[in-house]
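Data block below; observations after.
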């Protein structure tokens, strides 16, 4: 059966076998603006409560030094948000963690999941180890039904449909509906459901609200909030209203380096800091 995917391949027009295992995102090979002043250290007790530890992560792609010694921790529960202006390396960070650095690039440093070094391991091994990826374009198969999309995502002998349908009852109601006819928010629920089937230890989610209407953004935020009840999330997000609703810890990247880490509410409560790091008004939704 051939089905049209409601997403797009990478910028070179190809989809690798590794990307098929977790979905296809978009690399971020662009340059980065000048670094912001470092204003805070790691979140309190991060090391003792962290599931993922990224240390001195550097990525070069086609001669460009995209990430330059990025270090941060991801908590073992809740949502950790990666923030930053466009082109600073947020998506590149997710892809490096997942082993999806392009063939013309290199990733060095350390990424530890539950204390085990995983940087350099193939993507399919990381998926088996419990990393789930929801790419920016959602990567659902438009010509297949919701139920068929979910079946294609099964990677265990006992996929957890009870969890998926308890978090997203809308998917159960629309099981026979073609995914291409779902709203943007419903497609995002389906993307989340696909990774939650497989008892992942951590979800990496790339800009889930990008380009969506405000009403749909609210639907997606609700879906993310529910997903985070079941599994910790590392989220790349630009919409500060969503960040305010979801974030426990925040990590701000500027010029390929970590410029600030701390509680998300602390960042958003300081308009001057938010504007200097993100060039946006903390009172606004974007």
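The values are calculated or read from the model by the stated rules, or taken from the named source; none is laboratory data. This one's a predicted model, so the numbers in the text were calculated from it and none came from an experiment. Note: ideal-geometry Cβ built from the backbone for every residue, glycine included; neighbour counts use all protein chains shown.
When you scan region 223-238, do you find a residue that is without any contact (Cβ under 8 Å) to a residue 24 or more places away in the chain and either within 14 Å of residue 78 (Cα to Cα) or touching a strand residue (DSSP E or B) at 6+ places or on another chain (Cβ under 9 Å) (or both), even just one? Talk me through it step by step, then tell me what you get.
The first filter runs over region 223-238 and keeps only residues without any contact (Cβ under 8 Å) to a residue 24 or more places away in the chain, leaving 225.
Pick out the ones that are also either within 14 Å of residue 78 (Cα to Cα) or touching a strand residue (DSSP E or B) at 6+ places or on another chain (Cβ under 9 Å) (or both) and you get 225.
Yes, the conditions are met somewhere in region 223-238.
Condition first: on the phi > 0 side of the Ramachandran plot and either in a helix (DSSP H, G or I) or at pLDDT 95 or above (or both). Now tell me which residues in region 257-286 satisfy that. Lay out the reasoning, then the answer.
So the first thing to find is which residues in region 257-286 are on the phi > 0 side of the Ramachandran plot, and the list is 262, 279.
Across region 257-286, the qualifying residue is only 262.
Give the residue, chosen from 195, 164, that is touching a strand residue (DSSP E or B) at 6+ places or on another chain (Cβ under 9 Å) and either under 22 Å from residue 220 (Cβ atoms) or touching a residue at least 12 places away in the same chain (Cβ under 8 Å) (or both).
Working: 164 fails: touching a strand residue (DSSP E or B) at 6+ places or on another chain (Cβ under 9 Å).
After ruling out the rest, the residue left standing is 195.
Can you tell me which residue in region 167-181 is surrounded by the most Cβ atoms within 10 Å (Cβ to Cβ), limited to those that are closer than 19 Å to residue 212 by Cβ and touching a residue at least 40 places away in the same chain (Cβ under 8 Å)? The qualifying residue surrounded by the most Cβ atoms within 10 Å (Cβ to Cβ) is 179. Filtering 195, 164, 242, 216 for residues that are in a helix (DSSP H, G or I) and surrounded by fewer than 22 Cβ atoms within 10 Å (Cβ to Cβ) leaves a single hit, 216.
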